[in-house]
1. Please get the size of the charge dipole for segment 4-72, origin at its Cα centre, with Cβ charges of +1 on Lys and Arg and -1 on Asp and Glu, quoted in debye to the nearest 20.
2. With the dipole of segment 4-72 worked out from charges on the C-beta (+1 for Lys and Arg, -1 for Asp and Glu) around the Cα centre, which of MET29, LEU65, GLN15 lies farthest toward the positive end?
3. When the chain is fully extended, how far beyond the present Cα-Cα distance does SER67 get from SER49, taking 0.36 nm per residue of separation?
Amino acid sequence: MMTTQQKRTVLRRIQVLQEDIGRLREARMKIAECGFATASLASGGGSKSYTRLDVAKISELISQLTSELAANKALLAGSPASAPSYVCQTWF
């Protein structure tokens, strides 16, 4: 059973992931329009500039973040098998 603090941690991470996925999708669309884009991700790294050469990299990052988002949602639904380490550390 997750504590309230653990649920808050997971919910905050879900929010950050959703924001980052949205920013990366916007950047990918802007690259298609004008050839370059800049995106600032909440999960770290600051602002980065991307070009057409980075589209595959952006798509891979979106895929990874989407997988992590699904794992966090499953965790909230009661599946501890997919618990990320930042949540497990606060369980004991």
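1. Values: 11 positive and 7 negative charges, 39 e Å.
Once rounded to the nearest 20, the dipole reads 180 debye.
2. GLN15
3. Numbers: separation 18, 0.36 × 18 = 6.48 nm, distance 2.36 nm.
So the chain would gain 4.1 nm between SER67 and SER49.
Coordinate-derived values only; no laboratory data. Owing to the predicted nature of the structure, the values given are computational and were not obtained by experimental measurement. For neighbour counting, all protein chains shown are included, and Cβ atoms are generated from backbone atoms with ideal geometry for every residue, glycine included.
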